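Structure first, then comments.
We did not get these values from a lab; they are worked out from the coordinates using the rules stated. Computed from a predicted model, the values in this text were never measured in an experiment. Methodologically, a virtual Cβ is constructed for each residue, glycine included, from the backbone with ideal geometry; neighbour enumeration extends over all protein chains shown.
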Amino acid sequence: MSNKIRFAIVGAGVISVYHARAIAHHAEAELVAVSDVEVEKANKLSKDYHIPAVYSNYEEMLQRDDIDVVSVCVPSGLHGEVTIAAAKAGKHILCEKPLEITSEKMTKMIEAARQYHVKLGCVFQRRTMPAALAVQKVISEGKLGKLVLGDAYLKYYRSPEYYKSAGWRGTWEWDGGGALMNQGVHGVDVIQYLMGGVASVFAYSAPLIRDIEVEDTAVAVLKYKNGAFGVIQGTTSVYPNQETRFELHGENGTVVISDSGIQQWKFIDSDEEAPQVGSLATMGSVKSENMDSDGHYIFVNDMIQAVKENREPLVNGEEARKSVELVLAIYESARTGKEVFL
């Protein structure tokens, strides 16, 4: 292995730009190849980020000896296929969210990574938001006391043209779901992570507005493992976009965070002021040059260090599957009209 960790990207769509940019800006990383069945997309990414090799077949690309890590940027329902092939080829994997769209596929991905002794990490950059880190800290310190409520409001707008822009969007087979599995899974991950995991869920979901197979609107009532309750509202059918918002209430106080940072930070018998943290706008912008706060850069860096230090990535396969299992439970509850236990 050279001093630099050498990356290849499978899938040259919209999200690949974030991976390519983060890798290109990292002093310990090098981009050596990219593949896409639509080779013109791979050629464009290659030109923009000076990637020396372009492939239309990722399996052919995986035969190269000079690839250490593969960034998986294909549609969600293909994550498992590419991840398992990369693991068999002895490559570490940095997979875009969600990990996959079925429990069975996720299990096979995790097992393949173990069997072939490679790292499997998944990109959930909202966990690295300064506001989310601040909330996680106060929970771990017990400042909120016993947790009572944990709510996530994930309200986005996606036009009819958005769903027509790619054949896989809004389909069960390739997207695995809609507002929750695609757009909302980051928020689902954050709330279940901060609240310590979900025990059961009762939900409604449906395509209320868009002509798609999957849901554009969903609501779920949660019971957390710690006994607290909560709600998740996820949609792509409200105009305009609303800020993603998380509200956590405990016996001793309340913390509320959103895309623009900390909105409320109040504890009983305390004048503690909210920490000064950045907003989501300061993270992950392709136009921003502040790479240290870029969500994808944080995960690329983490994967590099995980490989060098022979440790687990920040969000490994087992951790990444939790949000998907919760989304799948919400879908099952909406389909059956029953409470679903995780």
Next on the checklist: Full-extension gain between residue 102 and residue 260, please, as 0.36 nm times their residue separation minus the C-alpha to C-alpha distance.
Outcome noted: 53.6 nm
Checklist entry - Using a simple spin-label model with points 7 Å from Cα along the Cα→Cβ vector, what separation in nm is obtained for residue 111 and residue 338? => result 2.6
Checklist outcome for this item: Relative contact order in percent for the chain (Cα pairs under 8 Å, 6+ apart) equals 19
Checklist entry - For the stretch 167-261, what is Rg from Cα atoms divided by 2.2 N^0.38 Å, rounded to two decimals? => result 1.16
Checklist entry - Given +1 on the Cβ of Lys and Arg, -1 on the Cβ of Asp and Glu, and no further charges, what dipole in debye does the stretch 83-183 carry about its Cα centre, rounded to the nearest 20? => result 280
Checklist entry - Which whole-angstrom value gives the distance between the alpha carbon centres of the stretch 86-142 and the stretch 180-207? => result 16
Checklist outcome for this item: Per the charge dipole of the chain (beta-carbon charges, Lys/Arg positive, Asp/Glu negative, Cα centre), the residue among 206, 248, 70 reaching farthest to the positive end is 206
Item to check | Approximate shape of the stretch 94-212 as ellipsoid semi-axes (Cα gyration tensor, √5λ), whole Å, largest first | outcome: 27, 22, 14
Checklist entry - Listed highest first by mean packing, meaning other Cβ atoms within 10 Å per residue, what order do 134-141, 152-159 come in? => result 152-159, 134-141
Checklist entry - In percent, what relative contact order does the stretch 208-338 have, based on Cα pairs under 8 Å that are 6 or more apart in sequence? => result 10
Item to check | the stretch 96-209: relative contact order in percent, alpha carbon pairs under 8 Å with at least 6 residues between | outcome: 32
Next on the checklist: Run the helix sum for the chain: -39,500 (n - 2.57) per DSSP H stretch of 4+ residues, divided by residue count, reported at 222 nm to the nearest 500 deg cm²/dmol.
Outcome noted: -9500 deg cm²/dmol
Next on the checklist: Less than 26 Å apart at the alpha-carbon level, and either on another chain or at least 8 residues along: which lysines does that give for residue 44?
Outcome noted: 4, 91, 97, 164, 287
Checklist entry - Cα centroid distance between the stretch 230-280 and the stretch 20-70, in Å? => result 38
Checklist entry - What list do you get for 254, 107 if you sort them by fewest beta carbons within 10 Å? => result 107, 254
Checklist entry - Within the set 88/225; 105/308; 225/308; 108/146; 108/137; 119/223, which residue pairs have Cα atoms separated by over 30 Å? => result 88/225; 225/308; 108/146; 108/137; 119/223
Checklist entry - Could you give the angle, 0 to 90 degrees to the nearest 10, between helix 103-115's Cα long axis and the longest principal axis of the Cα atoms of the chain? => result 50
Item to check | Difference of contour (0.36 nm per residue) and Cα-Cα distance, residue 43 to residue 243 | outcome: 68.5 nm
Item to check | Ranked list, fewest to most other Cβ atoms within 10 Å of each Cβ, for 93, 110 | outcome: 110, 93
Checklist outcome for this item: Restricted to the chain, the DSSP antiparallel beta bridge percent, nearest 5, is 60
Item to check | Cα-centre dipole for the chain with unit charges at Cβ (Lys and Arg positive, Asp and Glu negative), debye to 20 | outcome: 220
Next on the checklist: Between residue 308 and residue 174, what is 0.36 nm times their sequence separation minus the Cα-Cα distance? Round to one decimal in nm.
Outcome noted: 44.9 nm
Next on the checklist: Cut-off is 10 Å between beta-carbons; in what order do 97, 322 appear when sorted fewest neighbours first?
Outcome noted: 322, 97
Next on the checklist: Considering just Cα atoms, how many Å³ per residue does the convex hull of the stretch 33-144 enclose?
Outcome noted: 139
Next on the checklist: On C-alpha positions alone, give me the angle between the axis of helix 130-140 and the longest principal axis of the chain, in degrees, nearest 10.
Outcome noted: 60
Checklist entry - Over the Cα atoms of the chain, what Rg and Dmax result, in angstrom? => result 19.9, 63
